[in-house]
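The values are calculated or read from the model by the stated rules, or taken from the named source; none is laboratory data. In this text, all values refer to a predicted model and were calculated from it rather than measured experimentally. Ideal geometry is used to build each Cβ from the backbone, glycine not excepted, and the neighbour counts take in all protein chains shown. Surface accessibility is based on the protein's heavy atoms, side chains included, excluding ligands, DNA and RNA. Shrake-Rupley method; radii C 1.70, N 1.55, O 1.52, S 1.80 Å.
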Amino acid sequence: MPCARQPLSPPPPDVVGTRFSALRPSLFVLWFVCVSWLMGGSRTCHVQVVFLRWPLPLCLRRVREALSEQAGKEAKGTTERKRMNSLELKYGCNPNQRPARILMQDGSELPVAVLSGTPGYINFLDALNSWQLVRELREATGMPAAASFKHVSPAGAAVGTPLSEEDKRAFFVDDEGELTPIACAYIRARGADRMSSFGDWAALSDTCDERTALYLKHEVSDGIIAPGYTPEALEILRSKKHGGYNVVQIDPNYVCPVVEHKDVFGITFEQGHNFSKIDRDLLGNVVTKNKDIPESAKIDMIVSLITLKYTQSNSVCYVKDGQAIGVGAGQQSRIHCTRLAGSKADTWWLRRHPKVLGLRFVEGIHRPDRDNAIDVYISDEHDEVMADGAWQRVFAEKPEVLSADEKRAWIVLQTGVTLGSDAFFPFGDNIERAHRSGVTYVAEPGGSIRDDNVIEVADRYGMAMCFTGLRLFHH
């Protein structure tokens, strides 16, 4: 059963002053507003009484008192609405799927409060899955953690290690003050795959501070979930999307029931919640000749495995320096997962090529356009942004082509990458592909009838690989 929870901080209510100031120009305006409200129904019964019972000289003061009382009730009502048993949603996955809502079937209060915007069905799926990921990363590593989710899988996840100057250039970090650990965590998480993070749902393990909100202010994002927000951060986030940005606060003490349910085609599925703990103790069974796994690689293994725990299966995840750099999600073939995630890891690394960091963009270009231009420039379709008439729209000067030979030479320099898998590798070809993207450390459950082949390939490249014995399918 859910444990006891601390009350969530309600959003600051609108005050009477702004409403009352509209009544001051003249008594006629006061009379018109009172009569209009009188016709509006029960919510203005206090104004009705004041208007009908008091002489005009006292009416102005009495209406202010009545409005103050009404505002207090509305503020209380806002708090009650934000902390409720269920929340109606606009629609489900698609506009034709109505009605839609989230609710607590045991009658308890929802552990979330909406501080801004109107989150939808998929928003809440992203919010609740991403929150579990960052909470577990925080618990396992002791560091602030963040995730960037799209369609119920992470585009990226990371812990809050400091950013280098190269990282800041690759992640478009503006000079808006010193970066905090939680800001570093989100910047890294979004930087894993900036193309996939377009319109993401952000999740933070710690209170959202002003510096994190300032970075988010410039990004295209659908919403955020965190255990708390500083007043400055909340003000910044509420200004996004003309006040429509989704801001959700979650009770960090909430624990879900032991058994969970899911309905499919009118049939209810029941299973125990996946409370499997992922930490350093899970990494002790090193099956390769190379058994040297430094602490930094263990953190990367933990980041990879916890990320996979909340990624649609089949899935693999490449990690470096405490952040995911390539997630292959929802593929029916594991080698396709490994190739997809490896390609994303290569792109992450290529974004640090001197030619890419040296690209000069036209003044005022938006971040999504800049991301897209870099993505195409790195790809084999670079002519799309290099042709005459095309490059002038994004670049201040025409860049040199990043040739296939240059890309191969750069990717070969990548090393120290960790690879995690949500289930065993059935063949050694996954390890072969991972090696081409700089993988040195591997964490997977083991249990394939061809484990010996997988270990043999890992030994060939001097990798250190551990078998966790823990499968992490997620659907």
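Figures for the structure shown
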item: Matching entry among Ala140, Ala100 (being surrounded by 19 or more Cβ atoms within 10 Å (Cβ to Cβ) and among the small types (Gly, Ala, Ser)); result: Ala140
item: So Thr347, is it open to solvent by 60 Å² or more (accessible area, probe 1.4 Å), under 29 Å from the mean Cα position of the chain (by Cα), among the hydroxyl-bearing types (Ser, Thr, Tyr) and closer than 30 Å to Arg471 by Cβ; result: no
item: Cβ pairs under 9 Å, 6+ apart, first in the range 143-154 and more than 18 Å from Gly328 (Cα to Cα) and touching a residue at least 24 places away in the same chain (Cβ under 8 Å), second polar (S, T, N, Q) and surrounded by fewer than 24 Cβ atoms within 10 Å (Cβ to Cβ); result: Met143/Thr161; Pro144/Thr180
item: Residue satisfying all of: in the range 143-166; touching a Cys at 6+ places or on another chain (Cβ under 9 Å) and open to solvent by 30 Å² or more (accessible area, probe 1.4 Å); farthest from His475 (Cα to Cα) among these; result: Pro162
item: For Leu214: the one exception among (1) in contact with a Ser or Thr (Cβ under 6 Å, 6 or more places away or on another chain); (2) surrounded by fewer than 21 Cβ atoms within 10 Å (Cβ to Cβ); (3) of a type in the set (A, V, I, L, M); result: (1)
item: Members of the range 217-244 found to be crowded, with 20+ Cβ neighbours inside 10 Å and touching a residue at least 40 places away in the same chain (Cβ under 8 Å), listed by number; result: Glu219, Asp222, Gly223, Ile225, Tyr229, Leu234, Leu237
item: Every residue from the range 148-171 that is of a type in the set (A, V, I, L, M) and part of a strand (DSSP E or B); result: Ala155, Ala157, Ala158, Val159
item: Restricting the range 262-298 to residues that are in contact with a Phe, Trp or Tyr (Cβ under 7 Å, 6 or more places away or on another chain) and not charged (D, E, K, R), the residue that is farthest from Val159 (Cα to Cα); result: Val287
item: Number of positions in the range 313-341 that are open to solvent by 10 Å² or more (accessible area, probe 1.4 Å) and either over 26 Å from Ala183 (Cα atoms) or among the aromatic types (Phe, Trp, Tyr) (or both); result: 11
item: Test: residue in the range 367-381 that is basic (Lys, Arg), open to solvent by 50 Å² or more (accessible area, probe 1.4 Å) and under 23 Å from Glu165 (Cα atoms); result: yes
item: The range 452-474 residues that are acidic (Asp, Glu), paired with ones that are open to solvent by less than 30 Å² (accessible area, probe 1.4 Å) and in a helix (DSSP H, G or I) (beta carbon under 6 Å, 6 or more apart); result: none
